[in-house]
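Chemist: Okay, handing you the structure first.
The values are calculated or read from the model by the stated rules, or taken from the named source; none is laboratory data. Predicted model only: the values in this text are computed from it and were never measured. Here the Cβ is made from the backbone with ideal geometry for all residues, glycine too, and neighbour counts use every protein chain on show. Side chains are part of the model used for accessible areas, which takes the heavy atoms of the whole protein and leaves out ligands, DNA and RNA. Shrake-Rupley method; radii C 1.70, N 1.55, O 1.52, S 1.80 Å.
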Amino acid sequence: MHKPEKLKELGKKLLLFDVYGGLLTEKQQQALALTYNDDYSLGEIAALLHISRQAVFDSIRRSEELLQSYEVKLGLIARNRREQQLIERLKLAEQNADWLEVAAVRQALSQELYD
């Protein structure tokens, strides 16, 4: 994987952790925080948490899978993206004084917020 792709993937993982991290156990949160925020190695995390490197690896992998499954089930990140896109469309329509588009976007935003 190239560097931009790695950074994009890390960004996705950080966003998932930001949104759903509170649903993980404290140990899972610690392992991911040390990995993502502090760039600790598996060995360093293992020493801090008093577990094996393999246990750290497995915990991180399972935690990442869990975070992904939460997004699949709850869709909070995807919903926020859709809302942000609608808000941008609304701003643009208002700037252009396209009142039909403003009404359509407001309706779509209302449905998104209350569905």
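Chemist: Restricting attention to the stretch 3-28, which residues are part of a helix (DSSP H, G or I), in contact (Cβ under 8 Å) with a residue 12 or more places away in the chain and open to solvent by less than 70 Å² (accessible area, probe 1.4 Å)?
Modeler: Answer for the stretch 3-28, where residues must be part of a helix (DSSP H, G or I), in contact (Cβ under 8 Å) with a residue 12 or more places away in the chain and open to solvent by less than 70 Å² (accessible area, probe 1.4 Å): Leu10, Lys13, Leu14, Leu15, Leu16, Phe17, Val19, Tyr20, Gly21, Gln28.
Chemist: Criterion first (without any contact (Cβ under 8 Å) to a residue 60 or more places away in the chain, closer than 30 Å to Asp115 by Cα and open to solvent by 50 Å² or more (accessible area, probe 1.4 Å)) does Glu71 satisfy it?
Modeler: Answer is no for this residue.
Chemist: Test Leu34 against the criterion of being open to solvent by less than 90 Å² (accessible area, probe 1.4 Å) and farther than 17 Å from Ile77 by Cα, and give yes or no.
Modeler: Yes; evaluated as a whole, the condition is true for this residue.
Each row is one residue, and each column tells you yes or no for (1) part of a helix (DSSP H, G or I); (2) closer than 21 Å to Asp18 by Cβ.
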site	(1), (2)
Ala31	yes, yes
Thr35	yes, yes
Tyr40	no, yes
Gly43	yes, no
Leu48	yes, no
Gln54	yes, no
Ser63	yes, yes
Val72	yes, yes
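Chemist: Hey, can you tell me all the residues within the stretch 78-115 that are in a loop (DSSP other than H, G, I, E, B) and under 30 Å from Leu67 (Cα atoms)?
Modeler: Of everything in the stretch 78-115, just one residue is in a loop (DSSP other than H, G, I, E, B) and under 30 Å from Leu67 (Cα atoms), namely Asp115.
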